[in-house]
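In what follows, a single structure is set out as structure tokens and then discussed.
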Amino acid sequence: ERGLHLLMSSLPQALNGFVLVVTAEGLIFYSSHTIQDYLGFHQVEVMHQSIFELIHTEDQPEFRRNLHWALDPPRAPEGEPSPEVGKSLGSSAVIYKPDQLPPENSSFLERSFVCRFRCLLDNSSGFLALNLQGRLKFLHGQNKRSADGSALPPQLALFAISTPLQPPSILQIQTKNMIFRTKHKLDFTPLACDPKGKIVLGYTEAELRMCGTGYQFVHAADTLYCAENHVRMMRTGESGLTVFRLLTKENRWKWVQANARLVYKNGEPEYIVVTQRPLVDEEGGEHLRKRSMHLPFTFATGEALLYQSAHPLPGFPDPFQSKGKPGKCRKPSCSRGGRSQKNGADPRSLLGTVMRQDKAVY
């Protein structure tokens, strides 16, 4: 496996796509790290997982067909349930002896087909159509054994390069290399950030972790929108695509397109992983316009409370009313004190988080 990794990693970085090696049982034996640029999944997340967890239900039979050397995968015997949709072939996979299979250089083993894969970065259907081109080859070094303990011969596996059906735009080429991932507690407190994220946002990991739930870096007009998708993720395991603005260390707002997912341990949610793609301001503005069309009243994005502070509503404090002189700190405040005596807002709440932001950034 190490040799395979070295071979695949030597492929040109400019390759428009990613490498997949899938066993006859439908398990991902290898994926190049560039899968993250196209689908949003990290290489480690998909290795040794069922490929059918990533493929559109309607396209799974086609993928199964192409895993079989004769394009005719075995069917379950009468009276036995067929393999569940979305699961690997598992024990139903047939073990073939090498003399039962075509020679490895046979044109019968070449493959070229299209399947839709789950995509955390797509803003329309949630799937990306990929063309898989390659061939079935013997996968050596598996050291599998049969029920009686005898060594099993190497079996055919699909070695393919997966490329988007539609060529990427110049904008996608420019932004795909800056996709970054962050790790959070369940309340969204930052725990870790990969090197690309540190470049995009400018913070060190210590600066991201030092205070608050992470909402102190979110634009006030996006806070309620992000919180709604946060709640959806806690209920369903995934937030769906969320487009919002993050505050960089240079006190600039950076639009990102994000998808947050729960990571479970022993059946319980343990932490959150967020895949984020930087957007240009024009893209972010277009998403904000569409959001406003769906939610045409100002409370939906927070402007009524956060921007109309000249006419505060009864029962709501002025979010930017400060104590004494205006603060000169250019970074989000890190106060962890208890409930504010002045306005009664818990500093850990969404309102408390927004009120601690420096209004100069707006």
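The values are calculated or read from the model by the stated rules, or taken from the named source; none is laboratory data. Owing to the predicted nature of the structure, the values given are computational and were not obtained by experimental measurement. Cβ atoms come from the backbone with ideal geometry, glycine included; neighbour counts cover every protein chain shown. All accessible areas refer to the heavy atoms of the entire protein, side chains included, with ligands and DNA or RNA removed. Shrake-Rupley method; radii C 1.70, N 1.55, O 1.52, S 1.80 Å.
Structure notes:
- Members of region 142-186 that are touching a Lys or Arg at 6+ places or on another chain (Cβ under 9 Å), modelled with pLDDT under 85 and among the small types (Gly, Ala, Ser): Ala151
- Residues located in region 186-217, provided they are within 19 Å of the chain's Cα centre (by Cα), crowded, with 22+ Cβ neighbours inside 10 Å and closer than 18 Å to Arg348 by Cα: Pro190, Gly214
- Residues satisfying the criterion are present in region 274-284 (criterion: farther than 17 Å from Val361 by Cβ and either in a loop (DSSP other than H, G, I, E, B) or among the small types (Gly, Ala, Ser) (or both)).
- Residue within region 226-247 that is over 17 Å from Asp37 (Cα atoms) and more than 20 Å from the chain's Cα centre (by Cα) present: yes
- Residues located in region 24-40, provided they are assigned to a loop (DSSP other than H, G, I, E, B) and either open to solvent by 10 Å² or more (accessible area, probe 1.4 Å) or without any contact (Cβ under 8 Å) to a residue 40 or more places away in the chain (or both): Ala24, Glu25, Ser32, His33, Thr34
- Among residues of region 41-56, those that are among the acidic types (Asp, Glu) and within 19 Å of Gln276 (Cα to Cα), counted: 1
- Considered as a group, the residues in region 240-260 that are modelled with pLDDT of 90 or more and among the small types (Gly, Ala, Ser) include one that is surrounded by the most Cβ atoms within 10 Å (Cβ to Cβ), and that residue is Ala260.
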